[in-house]
Amino acid sequence: MGNAGNNFQITQLGECRIPSPMAGVRFVRDDEHGLVHSDLREMKRFLEERTEPPSMELAGPREKIYFDPSRLKCGIVTCGGLCPGLNDVIRAIVLSLYHHYGVKTVTGFPFGYEGLAKKYGHTPVELTPQVVGRINQSGGTFLGSSRGAQDIAEMVDTLERMDIGALFTIGGDGTLRGALAISEEVKRRGLKIAVVGIPKTIDNDISYVQMSFGFETAVSEARRVTYAAHSEAEGARNGIGIVKLMGRESGFIAAYAALADTQVNFCLVPEVPFGLETFLRALQERLERRGHAVIVVAEGAGQDLLEGTGEKDASGNIRLGDIGFFLRDQIRAFFSRSGMAVNLRYIDPSYTIRSQPANARDSAYCVLLGHNAVHAAMAGRTEMAVSFWRNEFTHVPIPMAVSRRKKIDPDGFLWSSVVASTGQPMDLR
């Protein structure tokens, strides 16, 4: 199945003519693609319109590659907030370059895109199998990270000066946009540098990525916290446990944490508005009926109830009001007015969760993402990110990956399942 004529066409630096040094593996043909949509109604529409349905190029090693491994030099950056699995991805990229292809020069640029900007004076790190051998056992990122944009021309100057032929960018929406800008500047200068992204977002909110690495670990760690919140709530008269989790615009961690621990009674996410009075009365009814309650709230939920901060962070994101503190104070005030004594415990484990090492399944996932990023770069793919979509590793153009935020559908099965699991009212407005 071809990929011409849709927005998932992958940019290539040129024809692949060099036989791959890999052996004993299944090579992927360039005409192997996976469908973007699997809904029968969508497929019927394409048939009726006599148009080819959108498809993604499958990831994996190619029989012939673009770069000569003996001459290639590669770079790696990690950007944005911490996320379980960052070190696993770094390690996988380095080991694949060394052992699968024989690439001997891999440079880590410290503190994200700052490492490519000369003005910061960060010293690049030589990455070898020995250097990265055990970094997957630790959380965080071996290379350090930062937020915020840097001068694109200056970053490409660094790549050109160091003769970098492939740059791997590990980060979220802003990082991918930066990678796209770097790629465009590379193209403008007529350089042959592959820019390949590995999507990193603990919120799981990048489009055309089924699940981002670190997400499963985050949900597992969140469940430990909801267990603790339930124990605290159940052990006190009219006990309330509030757990604030990550999720600026997408509440996937909160939703899956609620499903993972069916002792959660309320789940509040950015995609589903709620009214304060309606929520408080539903909480009161829960306490009168059962004597305790556990609330999970995503950080971006209920922002319409708060005064805007008017500030932005280094990445250009609007600084959110603290919904956790707001709910804590509003709940206390509400029950004080009603004359009902409550025992409330508020827990915000966000930074604890972000800094954890990846669990076993996430670690395996990170290894495969890193390997497939290397395979893509060696085959001259650029302006793309490695994705996992409909249970296949694929290539997705960066413009498609950042085209919109992936969010919970309030009318979809996931949210319906959360409501059924928690027992909260379908409409809390």
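When the accessible area of the stretch 94-211 is computed with all protein chains present and a 1.4 Å probe, what percentage of it is carbon and sulfur?
Carbon-and-sulfur percentage of accessible area, whole number: 48.
Please report the spacing between the Cα centers of the stretch 376-392 and the stretch 140-157 in Å, no decimals.
The stretch 376-392 and the stretch 140-157 have Cα centres spaced 21 Å from each other.
List the residues, sorted by chain then number, that are 5 or more residues from residue 147 or on another chain and whose placed amide H is less than 5 Å from its amide H.
Amide H to amide H, under 5 Å and 5 or more residues apart or across chains, residue 147 pairs with 80.
Taking the Cβ of residue 181 as the center, what net charge do the other residues with Cβ under 15 Å away carry, scoring Lys and Arg +1 and Asp and Glu -1?
In short, -3.
Express in Å², to the nearest 10, the accessible area of residue 409 obtained by rolling a 1.4 Å probe over the protein heavy atoms while all chains stay in place.
Probe radius 1.4 Å; accessible area of residue 409 about 90 Å².
Once ligands and nucleic acids are excluded and a 1.4 Å probe is used, how much of residue 100 is accessible, expressed in Å² to the nearest 10?
50 Å²
If you average 1/r over all unlike Cα pairs in the stretch 74-115 and invert the result, what Kirkwood radius do you get in angstrom?
Averaging 1/r across every pair of different Cα atoms and inverting gives 11.0 Å.
Pop out the carbon and sulfur fraction of the accessible area of the stretch 273-429 as a percent, whole number, probe 1.4 Å.
Carbon and sulfur together cover 48 percent of it.
Among DSSP beta bridges lying fully in the chain, give the percent that are antiparallel, nearest 5.
35 percent
Go through 327, 82 and list them by solvent-accessible area, largest first, probe radius 1.4 Å.
82, 327
So if I restrict to the alpha-carbon atoms in the stretch 87-161, what is the Rg, and what is Dmax, the biggest pairwise distance, in Å?
13.1, 36
Order the following by accessible area, largest value first: 389, 415. Probe radius 1.4 Å; ligands, DNA and RNA are ignored.
Solvent-accessible surface, decreasing: 389, 415.
Please compute P(r) over all alpha-carbon pairs of the chain, binned at 20 Å starting from zero, and give each bin as a whole-number percent.
Calculated P(r), rounded to whole percents: 25, 50, 22, 2.
Can you give me the C-alpha center-to-center distance between the stretch 299-373 and the stretch 394-429, rounded to a whole angstrom?
What the calculation gives is 17 Å, centre to centre.
If one puts a single equal scatterer on every Cα of the stretch 300-429 and applies the Debye formula without solvent, what log₁₀ I(q)/I(0) results at q = 0.14, 0.19 Å⁻¹?
-1.08, -1.36
How about the stretch 282-328: which GluC sites (Glu not before Pro) there are in a DSSP loop, with at most 12 other Cβ atoms within 10 Å of their Cβ?
Taking the stretch 282-328 and a limit of 12 other Cβ atoms within 10 Å, the loop GluC sites (Glu not before Pro) found are 307, 311.
Amide H of residue 344 versus every other amide H placed in the peptide plane: which residues, excluding those fewer than 5 positions away on the same chain, fall under 5 Å?
Amide H neighbours of residue 344, under 5 Å, 5+ apart: 240.
Compute the orientation-averaged projected area for the stretch 288-373 from the convex hull of its Cα atoms and round it to one decimal in nm².
With every direction weighted equally, the projected area is 9.6 nm².
Report P(r) for the stretch 149-285: all Cα-Cα distances, bin width 5 Å, range 0 to the bin holding the largest distance, values in whole percent.
With 5 Å bins starting at 0, P(r) equals 2, 9, 15, 15, 12, 10, 9, 8, 7, 6, 4, 3, 1, 0.
Take every Cα pair under 8 Å in the chain that's 6+ residues apart, average their separations, divide by the length, and report that relative contact order as a whole percent.
Relative contact order here is 23 percent.
Give, in nm to one decimal, the length gained when the segment between residue 9 and residue 39 is fully stretched (0.36 nm per residue of separation minus the Cα-Cα distance).
Roughly 8.7 nm would be gained on extension.
When only Cα pairs under 8 Å and 6 or more residues apart are kept, what is the percent relative contact order across the stretch 173-216?
This gives 31 percent for the stretch 173-216.
Apply 1/(1 + (r/R0)^6) to the Cβ-Cβ distance of residue 50 and residue 119, taking R0 = 56 Å, and write down the FRET efficiency to the nearest 0.05.
0.55
For residue 192, list the lysines whose Cα falls under 24 Å from its own Cα; do not include residues on the same chain fewer than 8 positions away.
Straight-distance partners of residue 192: 64, 73, 104, 118.
Semi-axes of the equivalent ellipsoid of the stretch 1-151: what are they in whole Å, largest first, if each equals the square root of 5 times a C-alpha gyration tensor eigenvalue?
For the stretch 1-151, the semi-axes come out at 35, 22, 16 Å.
Please report Rg over Rh for the stretch 370-424, where both radii come from the alpha carbon positions and Rh follows the Kirkwood definition.
1.20
Could you name the lysines whose alpha carbon sits less than 30 Å from that of residue 407, not counting residues in the same chain fewer than 8 places away?
Hits, sequence-local ones excluded: 44, 200, 244, 312.
If one computes the Cα centroid of the stretch 47-70 and of the stretch 94-120, what distance in Å separates the two points?
Taking the Cα centre of each part, the stretch 47-70 and the stretch 94-120 sit 26 Å apart.
Looking at the stretch 161-295, send over the antiparallel percent of its DSSP beta bridges, to the nearest 5.
So the antiparallel bridges amount to about 0 percent of the total.
Taking only Cα atoms of the stretch 78-225, what ratio of Rg to Rh do you get with Rh as the Kirkwood inverse-distance radius?
Looking at the stretch 78-225, the ratio lands at 0.96.
Go through the stretch 211-303 and name the trypsin sites (Lys or Arg not before Pro) that are in a DSSP coil and have 10 or fewer other Cβ atoms within 10 Å of their Cβ.
Sites meeting the loop and neighbour criteria: 237.
The values are calculated or read from the model by the stated rules, or taken from the named source; none is laboratory data. Predicted model, so just to flag it, every value in this text is computed and none were measured. We place every Cβ from the backbone using ideal geometry, glycine too, and count neighbours over all the protein chains shown. Calculation scope for accessible area: heavy atoms of the full protein, side chains included, ligands and nucleic acids excluded. Shrake-Rupley method; radii C 1.70, N 1.55, O 1.52, S 1.80 Å.
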